[in-house]
Amino acid sequence: MQQSLFKHFTRSEHADHFLEGRLLFRTLQYFVDYEDGQVRGDQNEGTHVYRPDQGLRLDMVDGRKLPMLGSEFRSSVAKGHIYVFCMSTSRSEKLAAEFASLACVEVQNKRQFLERVRAALEAKGKMVFAGQLSYRSRSEPPAHRWALPEVICMTKSPDFKRQFEYRIAFAEPEVFAPENVEVRIVPQGHREGAMPAHIESLTIDVGSIGDICLVHDKA
């Protein structure tokens, strides 16, 4: 049986737009700047944070390991150039309350939905990634993930695991090039500054999807 996807809306007219196939994508930077107590907003969106329990250590050429107390490793993507559309694989009263949902649209045919979205975006020359988010602890070693923008933008902190997020992300192909990231060592809990003015949203028309959707009232 195919898994459904769910999209919560705070306004019923936005649900209507979605059914007409008008999907509002936001940049990752939009969610960095969005302050709502870490519901939709996430100050670490688009950033892989590594903060081992024992603290960072810098390997010196002479073999010594220099402790860097109070610091963390960060690898960030081009947040103002990657656009995402966020959904969930879960529908519950708890999520509806968290998102202040007045309407919830269930996409009952995920395969057809993704095919239509991909077709619309790839026709514009965009690179597209879609899938369930991974939730990784800050203490987990980054391995190769720090260098892959598509992996970083599809990964979040376990603090958000309750949302069961399914995400569609797109950008110009060069944005997703391996190692196209900004790497820094910063104080723990460092807050990223706001970006200069940028286009924070784009509406993509994928054609009517009402034939593969079911509309629910507040769960």
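The values are calculated or read from the model by the stated rules, or taken from the named source; none is laboratory data. Note that the structure is predicted; figures quoted are calculated from it, not measured. Please note: Cβ atoms are built from the backbone with ideal geometry, for glycine as well, and neighbour counts cover all protein chains shown. Note: areas computed on protein heavy atoms with side chains; ligands, DNA, RNA excluded. Shrake-Rupley method; radii C 1.70, N 1.55, O 1.52, S 1.80 Å.
Quick notes on this structure:
- Positive-end extreme of charge dipole, the chain - chosen from 144, 175, 201 (charges on Cβ): 144
- For the stretch 117-219, relative contact order (Cα pairs under 8 Å, six or more residues apart, normalised by length) works out to 32 percent.
- For the chain, the convex hull drawn through the C-alpha positions has a volume of 135 cubic angstrom per residue.
- Listed values for the stretch 65-72 are Karplus-derived 3J(HN,Hα) couplings in whole Hz (6.51 cos²θ - 1.76 cosθ + 1.60, θ = phi - 60°), namely 10, 8, x, 10, 5, x, 10, 9, and x replaces Gly and Pro.
- The string of couplings for the stretch 127-136 from the Karplus curve (6.51, -1.76, 1.60, θ = phi - 60°) is 9, 10, 10, 8, x, 5, 5, 9, 10, 10 Hz, one whole number per residue in order, with x for Gly and Pro.
- With helices as the sole contributors, the chain gives -4500 deg cm²/dmol at 222 nm; each DSSP H run of n ≥ 4 counts as -39500 (n - 2.57), and the sum is divided by every residue.
- Here the chain has 52 percent of its accessible surface on carbon and sulfur atoms, given a 1.4 Å probe and all protein chains in place.
- Here the Karplus curve 6.51 cos²θ - 1.76 cosθ + 1.60, taken at θ = phi - 60°, turns the phi angles of the stretch 143-150 into couplings of 6, 7, 4, 4, 9, 10, x, 5 Hz, with x standing for Gly and Pro.
- Solvent exposure of the stretch 63-133, expressed per residue, is 46 Å² of accessible area, with all protein chains present and a 1.4 angstrom probe.
- Here the dipole of the stretch 29-106 is about 300 debye; that uses its Cα centre as origin and unit charges on the Cβ of Lys and Arg (positive) and Asp and Glu (negative).
- Whole-angstrom gap from the stretch 129-192 to the stretch 98-116, using each part's C-alpha centre: 23
- Charge dipole magnitude, Cβ of K and R +1, D and E -1 - the chain, Cα centre, debye nearest 20: 480
- A straight Cα-to-Cα reach below 25 Å connects residue 161 with the lysines 7, 79, 94, 110, 218, residues fewer than 8 places away in its own chain not being considered.
- Of the GluC sites (Glu not before Pro) found in the stretch 1-95, those in coil by DSSP whose Cβ has at most 11 other Cβ atoms within 10 Å are 35.
- Folded to 0 to 90 degrees: helix 110-122 orientation relative to the chain principal axis, Cα: 70
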